[in-house]
Number of protein chains: 4
Amino acid sequence: MTSFIELRSDNSAGVAPKIMAALAAANTGSALAYGGDEWTARLRDRVREVFEHPTAEVFPVVSGTAANALSLAALCPPWGSVLCHESAHVLRSECAATSMFSGGGAIRGVPGESYRLTPEALDEAFAATRWGDPHHSQPSVVSLTLPTDYGTIYSPVQVAAPTERARSRGLRAHVDGARIANALDVLGCSPAELTWRVGVDVLSLGATKNGALSTDAIVCFDPAVSEQLVYRVKRAGHVASKMRFQSVQLDAYLTDGRWLRLAHQANLTTAHLAAGLTRLGMELLVPPAVNMTFARVAREAAVRMEHAGLLFYGAGEGVIRLVTSFQTTEAEIDDALARIETALS
Amino acid sequence: MTSFIELRSDNSAGVAPKIMAALAAANTGSALAYGGDEWTARLRDRVREVFEHPTAEVFPVVSGTAANALSLAALCPPWGSVLCHESAHVLRSECAATSMFSGGGAIRGVPGESYRLTPEALDEAFAATRWGDPHHSQPSVVSLTLPTDYGTIYSPVQVAAPTERARSRGLRAHVDGARIANALDVLGCSPAELTWRVGVDVLSLGATKNGALSTDAIVCFDPAVSEQLVYRVKRAGHVASKMRFQSVQLDAYLTDGRWLRLAHQANLTTAHLAAGLTRLGMELLVPPAVNMTFARVAREAAVRMEHAGLLFYGAGEGVIRLVTSFQTTEAEIDDALARIETALS
Amino acid sequence: MTSFIELRSDNSAGVAPKIMAALAAANTGSALAYGGDEWTARLRDRVREVFEHPTAEVFPVVSGTAANALSLAALCPPWGSVLCHESAHVLRSECAATSMFSGGGAIRGVPGESYRLTPEALDEAFAATRWGDPHHSQPSVVSLTLPTDYGTIYSPVQVAAPTERARSRGLRAHVDGARIANALDVLGCSPAELTWRVGVDVLSLGATKNGALSTDAIVCFDPAVSEQLVYRVKRAGHVASKMRFQSVQLDAYLTDGRWLRLAHQANLTTAHLAAGLTRLGMELLVPPAVNMTFARVAREAAVRMEHAGLLFYGAGEGVIRLVTSFQTTEAEIDDALARIETALS
Amino acid sequence: MTSFIELRSDNSAGVAPKIMAALAAANTGSALAYGGDEWTARLRDRVREVFEHPTAEVFPVVSGTAANALSLAALCPPWGSVLCHESAHVLRSECAATSMFSGGGAIRGVPGESYRLTPEALDEAFAATRWGDPHHSQPSVVSLTLPTDYGTIYSPVQVAAPTERARSRGLRAHVDGARIANALDVLGCSPAELTWRVGVDVLSLGATKNGALSTDAIVCFDPAVSEQLVYRVKRAGHVASKMRFQSVQLDAYLTDGRWLRLAHQANLTTAHLAAGLTRLGMELLVPPAVNMTFARVAREAAVRMEHAGLLFYGAGEGVIRLVTSFQTTEAEIDDALARIETALS
């Protein structure tokens, strides 16, 4: 019987052992509910230290959709619009949660090379906007998916360009960082350099895809927005009563660079996979920057790969998506490549 | 140095060991995200078995507020109103989350003895309603808090009475069961007998207060409402990506009557506490049915109790609330009573 | 055959002749749509002159419900609450429109003598509020119905008292002035003295009940709120394309004190009616300040009054409501009193 | 001094004399408010007769945006999406009002020749949809703008094709008929043949652009949807208190084919204009089917036309839009053409 090799999503992975251990360790005695506990206080300090920001606030929430939609609702008035790349997760895969939480805000996708939101695309969108005309949703926030849903990333300079352009017209800036640790690992820059120092007001900080059990988070660099989020997060039902068990995951995640090391393993195995696929003559959509590979594969070959025990998703006609996680090993990738070689021959 | 005795809330407790063990056991291999995993399938079967209902669906969500607000939004049109007791949690402690998720539905508190919603109170509310007049929110759902926020409970007959009255006017019925296990333990009836067999369409099933780590749930007995909830829960950001870790908690919770045993311990220690307080001459607001005691205590005495290391909350002028959890021991209660005796003397 | 005497509502009246004439006069040539016309510009100037406020803005909308709900939504965050008297129209007769437009804001009724919101009632509400606790909707606006739904009024001092108390806790102030002209006529004060000079931020200016054809308005004294209203009013579909025909009604209404004269006639005929009813031995709920009378009448007598051709509404057990309008004449009231005398005998 | 010729919008026109006369005639005696009057009853009968539909209901509202957004909100669940042509008014010019009223529904534009929504475009949208996957807004309604914002129209067959395709996947169908009278005039079909007989559930019936003073309307052919609209329209503040004055406009508009005659004049003058422009060598974007002409004009020429007293709007780079109304005369068009000839030479 063939064993399976998991390449569907980093969401399919389990929980990092140190995070599980931290959870077990936190299960001691009693603690104030709803965030009035010492673990949550410690997490706040950790976030401020890791992001080098004295007033940053952190709000654990149970999903990336919640982090994105609540962040954007706090930045975008009901009559505003969020500008993002046309491939963005907030536009395509969150069932318009942002429109609901913002009271009817619009989400507008714009084109851009390598799936990135560029200042040029913003210029075009701004030029097409009738500013101040209430017949039209007013551009209010830019949202960058970093890494993008196609695994490309933004350097700090590439973040700064659209956020500056945005700020010049009064827009705020949000980053959907569901996999931001993977980008940080590659870029080698600090979390601050990829976020608030280049104009980002609020970050959706992914953790679940990279080893946490039940929590992502909003990291907010603007105290006025944080004040709103206190209420928005609560009435969305995202304030866990036993908050300490959400906070401790995030604290363990951010401690001693653990998030970066976990992401590094995912990035490394994807690099190994991509090199192997290229060697096998497979065409990649883009060179994978982080832990996602998009490859052109004929339908028949894809079916044979599935029969060989590879678990992966299609990503449109003739394209498959392969994702590694912190749990993926080099040995698994070697095994996968061997099976693919057989499947293709 | 004085040690503390935790009587603030069952939310302050930790995670039941068996649930922690189940979490650790689920952390093996990979699993499809967003509920496409075997743990979630098993949970659905478990819920159907425990509630003896062949088409019940279960939606893990991260808080009771989420469970309540999403359930009620699925049952109440935007122009409708939810009728509940004037002390209900959905009315007083959820920042109008139900109004947000329902698109502006109203929540109306009505009076009722022992904090219960009664058919008589519904009759009055119905009589005061201009049915079909669009100037007025139309009563659409009744919501029973069971146990109530003051620790009283409804028997199956007491549930049936208002839900029948509601149904006769076309209203649906919801139970906020944040502590329903505690009621089931006392009543000795089956989960079915306290819910769908007495007219309940949707149940907010509490688990966090009684030993889970990060999840409560919606249990829905009406397939048409379940279809809506699939979307409502997702766009509220309450579909955890690593759903298996939410599902496995609930499955362990409901297995082999564990939820009832955990609740039993909480109820037992409260009974012990209440007997002791009465012996000490303290007046109780209502005889505690489950794990909450409300006692009349002069401000000075309350302060002395705090100084003695008792952790508890005030509940209005001259009243304190003491709550036990599955973790509370008889020894702790004995200790608490001894300290109170000293404090009062 | 008996003729009818209209005392159901000032909403049942027609259009004041001068307003009809102004409409006909505006039907000349072409004009920019959506408010870019000269009539709308003139209306803005008129409002600034009449209210003696240099930056007031006016937004014609088609109903009082729209004026109230949009005003309150602009003043109240989604997690906020509107405090009003428990008899207020915004609470009881607008199908929670304010909750919808505000994204789920709460509307809270508080008691108060003579149907007025008092600083004492606010003090109690504030004392019961857990400020800054996201479990609870945060009091954000006070809304005064002036005149109240029971025809009582607030003097400038009685407006100032709750708005000051409100402002001291950071709340904004709104007046539902569906019949404010009737109050101004009685009080003899200026529009400014009853609104922004005593702390009112936004006024719902009623016109339809007092002679307009199809428009009420929002008058906003805070430029920052006005900026929001531009968008809120538009996306609620309340920007009439042929705005000139809404603006010209309001302009004619406010010109040369016409609104006050129209209201005076309604007030006068009610005073005449009330005196007559008292003479006939009928008990009034409150001495009518403006154009509404509430009288205690046994059911049988009420039926006889209806048979005599009087059109009026019940207002709860044993109480009837009689409302006059700008069209009501003294002769009609004499006729009504004669019929009532016969009916009661 | 040069006189102006109005070609900016049919919104710039005034009120048709017969409608003004009907308004004056309705200003007699008293009438029940909020639609309980005889004019509103008569309007309902008129709509049923004109549309040959025994259960159609009509809801006067103050704007086309209100008619569209409220109709679509009644047809589209919060997690649904509205599919329309990418040039549709509901997508581009209503500040996402539909998203607000629907509780966060999405509006999706799709391409299509001549600005029409086609079954082929729906097929593509349906193929790209993950049906039943709550990550994605579910297509729930199609909305056809008829005539389109570029003045093209749909024949009954062209309406039937997309509505059938829509119905086959469970979607409902809406027509934004802001200028539907203009289309009916050209097509020569009956109102029924262009709406419910070809699958349309709800129609936004434009009247303001074609001679009414302050009202458009929703015409609903599905009684279950009408039941919802009773509440949705009220809590949007679109139930005018003196409803008779809205209803009487619509009744006069629909009586004796008046709406078609008014539209005919607008269509006729545009045909005259278009023929003239073609004669002058001007390129038209599409041959005008109704009362709108889009012509390619160099910027300089456009400026000269403006200086010559023509009032019109730009419609993107190098394109101008000329719109006639029921008030436009042949003489005005002759004058306009003469001025344009001079301006271009």
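The values are calculated or read from the model by the stated rules, or taken from the named source; none is laboratory data. Here the structure is a predicted model, which is why all the values come from computation and not from measurement. Glycine gets a Cβ as well: all are built from the backbone with ideal geometry, and neighbour counts include every protein chain shown. Side chains are part of the model used for accessible areas, which takes the heavy atoms of the whole protein and leaves out ligands, DNA and RNA. Shrake-Rupley method; radii C 1.70, N 1.55, O 1.52, S 1.80 Å.
If you filter segment A:16-30 down to residues that are at pLDDT 95 or above and in a loop (DSSP other than H, G, I, E, B), you find that the one that is surrounded by the fewest Cβ atoms within 10 Å (Cβ to Cβ) is A:27.
Within segment A:311-345, the set of residues being over 17 Å from residue A:271 (Cα atoms) and in contact with a helix residue (DSSP H, G or I) (Cβ under 6 Å, 6 or more places away or on another chain) comprises A:343, A:344.
Of the residues C:329, C:324, C:255, the single one that is surrounded by fewer than 18 Cβ atoms within 10 Å (Cβ to Cβ) and within 13 Å of another protein chain (Cβ to nearest Cβ) is C:329. The condition (being more than 13 Å from chain C (Cβ to nearest Cβ), small (Gly, Ala, Ser) and either closer than 16 Å to residue D:253 by Cβ or touching a residue at least 24 places away in the same chain (Cβ under 8 Å) (or both)) is satisfied by just one residue among D:74, D:33: D:74. For segment D:109-123, taking the residues that are in contact with a strand residue (DSSP E or B) (Cβ under 7 Å, 6 or more places away or on another chain) and open to solvent by 20 Å² or more (accessible area, probe 1.4 Å), the one that is nearest to residue D:159 (Cα to Cα) is identified as D:116.
The residues in segment B:81-91 that are open to solvent by less than 20 Å² (accessible area, probe 1.4 Å) and of a type in the set (D, E, K, R) can be counted, and the count is 0. Against the test of being over 29 Å from residue A:323 (Cα atoms) and either free of Cβ contacts under 8 Å to residues at least 40 places away in the same chain or of a type in the set (Phe, Trp, Tyr) (or both), the options A:160, A:166, A:128 yield a single qualifying residue, A:128.
Would you check if residue C:13 is under 30 Å from residue C:308 (Cα atoms), within 12 Å of another protein chain (Cβ to nearest Cβ) and surrounded by 16 or more Cβ atoms within 10 Å (Cβ to Cβ)? Yes, satisfied. If you go through segment D:290-309 one residue at a time, do you hit one that is of a type in the set (D, E, K, R), in contact (Cβ under 8 Å) with a residue 40 or more places away in the chain and over 24 Å from residue D:211 (Cα atoms)? The answer is yes, given that some residue of segment D:290-309 is of a type in the set (D, E, K, R), in contact (Cβ under 8 Å) with a residue 40 or more places away in the chain and over 24 Å from residue D:211 (Cα atoms).
The selection criterion, being open to solvent by less than 50 Å² (accessible area, probe 1.4 Å), modelled with pLDDT under 95 and under 27 Å from the mean Cα position of the chain (by Cα), holds for residue C:315. Restricting segment C:92-104 to residues that are among the small types (Gly, Ala, Ser) and within 7 Å of another protein chain (Cβ to nearest Cβ), the residue that is surrounded by the fewest Cβ atoms within 10 Å (Cβ to Cβ) is C:93.
Could you tell me whether any residue of segment C:224-240 is more than 8 Å from every other protein chain (Cβ to nearest Cβ), surrounded by 24 or more Cβ atoms within 10 Å (Cβ to Cβ) and farther than 13 Å from residue C:74 by Cα? No, that holds for no residue.
Does residue B:55 meet the test of being in contact with a helix residue (DSSP H, G or I) (Cβ under 9 Å, 6 or more places away or on another chain), of a type in the set (Val, Ile, Thr), surrounded by fewer than 18 Cβ atoms within 10 Å (Cβ to Cβ) and closer than 29 Å to residue D:227 by Cβ? In short, yes. Looking across A:268, A:285, A:280, one residue alone is farther than 28 Å from residue A:117 by Cα, surrounded by fewer than 24 Cβ atoms within 10 Å (Cβ to Cβ) and away from every other protein chain (no Cβ under 14 Å). It is A:280. Kindly establish whether residue B:279 is assigned by TED's automatic domain parsing to the domain that holds residue B:145 and out of contact with any Ser or Thr (no Cβ under 6 Å at 6 or more places or on another chain). No, not satisfied.
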